[in-house]
Amino acid sequence: MTDIITESEEAGFASDLTQSTTFGESVQAYISRVRGGEMGALPSVLGLVVLFIVFNFANDRFLSNLNLANLLTQSGSIIILAMALVPVLLLGEIDLSAGYAGGVAACVMGVLMVEHDQTWVVAVAAALLTGAAIGLVIGLLVSKLGVPSFVVTLAFFLGLQGVSLKLIGEGGSVRINQEVISGIANNNMGVAAGWIAALVIILGFAALRLIQHRRKVSLSLQHQPLAVVVGQIIAVAAVLVVVTYVLNQNRSVNPNFPIKGIPYVLPFVVVLLIFWSFMLGRTTWGRHVYAVGGNAEAARRAGINVDRIRISVFMICSSMAALSGIVAASYGGKVSTSSGGGNVLLYAVGAAVIGGTSLFGGKGKASDAVIGGLVIATIANGLGLLAQASYINFLVTGGVLLLAASVDAISRRRRSATGLG
Amino acid sequence: MSDSTPLLELRGINKSFGVAHVLHDVDLAIYPGQVTALVGDNGAGKSTLVKALAGIYPIDTGEYVFDGKPVNVHGPKDAGALGIEVVYQDLALCENLDIVENMFLGREKKNGIVLDETTMESKAREALTSLSVRTVKSVRQSVASLSGGQRQTVAIAKSVLWNSRIVLLDEPTAALGVAQTRQVLDLVRRLADSGVGVLLISHNLTDVFEVADRITALYLGRVAADVATKDVTSRQVVELITTGHSSDLDGAAAPSTTA
């Protein structure tokens, strides 16, 4: 390091804060961040709490063990599709075709298993490859030709519907009764296995955060106070224990056939969440995605291959959409020409935005998809229980999406007014 | 002054965009330990010249000589590898990232595949500590919350972090207040005194006369003069910028190589 300052001069950075000293101060700092428009997951968590209270009063079956398990299983494919969209949204792009990309991938899987007697491994691999190929073409068109992603993916939205019609024929559907695939949404982990998995995740998370905290303190890097770290660990542990406890209760209406245990789709979502949180938060690729989303020109000047980042996020989006399509096929027990259609994509975009991912790019996390996906699934589930006409469902979901996008736009304005990032 | 051989020399550079011939046989020399000011009116070719130096625009003809050896620069990465750092007017920082993340952008330190945040944070802090900045709370502050002067400092500190040999500063004081301009100019001087070759692009002749050792004036894509700052007056430089020559400047056309 070149030493280019004389000793007499004041070095402002030498005395910069490495810790927001007390728990109280960091709570205050959080409040002022929220006021400045840096709300993160707060609106969606509050929304979730409000929805649970409202639906609980509206229908006493809402908080039953059976319905909560249903709700979590329903949310699986929405959450995965929302997670697929997060990297694309981080670049300030959009993928309108993600729903049908998942549908087509699921069609490929179904046709291979049912009509060509392939194993599920081959079929799933082919579905993922289908997704990756769709994403590659979209990415190339957006980055190399410079066609806006809105238009490219709108074209794919239409084109892919044609592809799935061609694959399984007009009005047809393919039944998915392969054990592993249909087990994702329909089978449960053993009670003991569920508790062990929850415990492993809690201990792993706690160990990781505490080790990280100690290392930061010992190297006098910037760190949060210990109380905040412990608070986060307790919050994660509490959520996992409650969810595991509820799902490990018997939820069957027929006393002769008890149903208990965590549906496999839940650990599947957790693994994806951990993986994408790691990729976005801890790797060079993730850092570059945020950089391109924040200021593409700055990223280019820093020597980042912006085109490659663009192509990679569209490939990831379509491949993850394929996973979402597979989970949806497992839940529905079939693949049809309308798989991935309807409001699937808007639910997923809504989930990501409600969770706190910005449509303007540069801001968002994989965990946003989980919280936002739960909000969307709760609305669909709760309104379904109330046996409302489906037009109300559309109106409410549309309204929530609009609300979330408005909150995003307003908080962005507040952020630039208060100079927060 | 420390050295009489230039660290970087451009000889006879030509650059056209279609029919627009922007740079005509431009010669430019940057010396270690000196601040060379590049002045010229709007459209004189300053930005094009800087982008050619930084490897963003390929040059049509001419020689790019670094450390006495001719080199080929095909992209920003090549220029970076030579130790050339550009601080752009619009700063090229990502507002959604924090100071550390911006300073290491594109050159992140890694442990295997995981980002090495501890090393990056301590190195960034070390680099920033060597510069004088007030009122910045933390290196983990997002760039969106920094003032113009602080952002400029972060951008310049990046070049300290990477032990750059040449730093190109594009209008570093254009958007700054009086006190912040003072800080940045001090910083530029210290940067040069540490042995770095600095190229300062500026409209502001007060700034130029304050920190520059040499002045290269561009006029309509040609070098109007390359002179030591102490040999010229502000009025003569204004003439060079606006008319391309200065009547009472002895031997302006023949650039002297000593400062």
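Structure notes:
- For beta carbons closer than 8 Å, sequence separation of 6+ or different chains, a first residue in the stretch A:114-127 that is in contact (Cβ under 8 Å) with a residue 40 or more places away in the chain and a second that is small (Gly, Ala, Ser) and outside any helix (DSSP H, G or I), there are no qualifying pairs.
- Filter result (over 14 Å from A:ILE234 (Cβ atoms) and either of a type in the set (Lys, Arg) or touching a His at 6+ places or on another chain (Cβ under 8 Å) (or both)) within the stretch A:201-216: A:HIS213, A:ARG214, A:ARG215, A:LYS216
- Meets criteria (under 20 Å from the mean Cα position of the chain (by Cα), under 13 Å from A:GLY325 (Cα atoms) and assigned to a helix (DSSP H, G or I)) for A:GLY102: yes
- All positions within the stretch B:180-239 that are assigned to a helix (DSSP H, G or I), without any contact (Cβ under 8 Å) to a residue 40 or more places away in the chain, touching a strand residue (DSSP E or B) at 6+ places or on another chain (Cβ under 8 Å) and more than 14 Å from chain A (Cβ to nearest Cβ): B:ASP207
- Of the residues making up the stretch A:176-186, those that are touching a helix residue (DSSP H, G or I) at 6+ places or on another chain (Cβ under 6 Å) and in a helix (DSSP H, G or I) are A:VAL180, A:ILE181, A:SER182, A:ILE184, A:ALA185.
- Test: residue in the stretch A:153-165 that is modelled with pLDDT under 95, among the hydroxyl-bearing types (Ser, Thr, Tyr) and touching a Cys at 6+ places or on another chain (Cβ under 8 Å): yes
- Some residue of the stretch A:168-175 being touching a helix residue (DSSP H, G or I) at 6+ places or on another chain (Cβ under 8 Å), assigned to a helix (DSSP H, G or I) and under 24 Å from A:VAL344 (Cβ atoms): yes
- Within the option set A:GLY373, A:GLY382, A:GLY399, being free of Cβ contacts under 8 Å to residues at least 40 places away in the same chain, among the small types (Gly, Ala, Ser) and part of a helix (DSSP H, G or I) holds for one residue only, A:GLY399.
- Just so you know, in the stretch A:409-421 the residues that are at pLDDT below 80 and assigned to a helix (DSSP H, G or I) include one that is nearest to A:LEU71 (Cα to Cα), and it is A:SER411.
- Residues in the stretch A:233-253 that are without any contact (Cβ under 8 Å) to a residue 60 or more places away in the chain and surrounded by 14 or more Cβ atoms within 10 Å (Cβ to Cβ): 7 in all.
- In the stretch B:210-259, residue modelled with the highest pLDDT [restricted to those that are in contact with an Asp or Glu (Cβ under 6 Å, 6 or more places away or on another chain) and either among the acidic types (Asp, Glu) or farther than 22 Å from B:GLU9 by Cβ (or both)]: B:ILE241
- Count of the stretch A:290-332 residues which are facing chain B (nearest Cβ under 10 Å) and among the small types (Gly, Ala, Ser): 8
- Hits in the stretch A:134-158 (condition: closer than 13 Å to A:VAL104 by Cα and free of Cβ contacts under 8 Å to residues at least 60 places away in the same chain): A:LEU158
- Residue, nearest to B:CYS94 (Cα to Cα), within the stretch B:149-179, restricted to residues that are within 14 Å of chain A (Cβ to nearest Cβ) and part of a strand (DSSP E or B): B:ASP170
- If only residues of the stretch A:193-231 that are among the aliphatic types (A, V, I, L, M) and within 14 Å of chain B (Cβ to nearest Cβ) are counted, the one that is nearest to A:PRO267 (Cα to Cα) is A:LEU208.
- Unmet criterion (only one of (1) at pLDDT 95 or above; (2) in a loop (DSSP other than H, G, I, E, B)) for A:ILE304: (1)
- Subset tally (residues that are over 20 Å from B:SER202 (Cα atoms) and away from chain A (no Cβ under 14 Å)) for the stretch B:47-100: 15
The values are calculated or read from the model by the stated rules, or taken from the named source; none is laboratory data. The structure presented is a predicted model; accordingly, all values stated were derived computationally and were not measured. Note: ideal-geometry Cβ built from the backbone for every residue, glycine included; neighbour counts use all protein chains shown.
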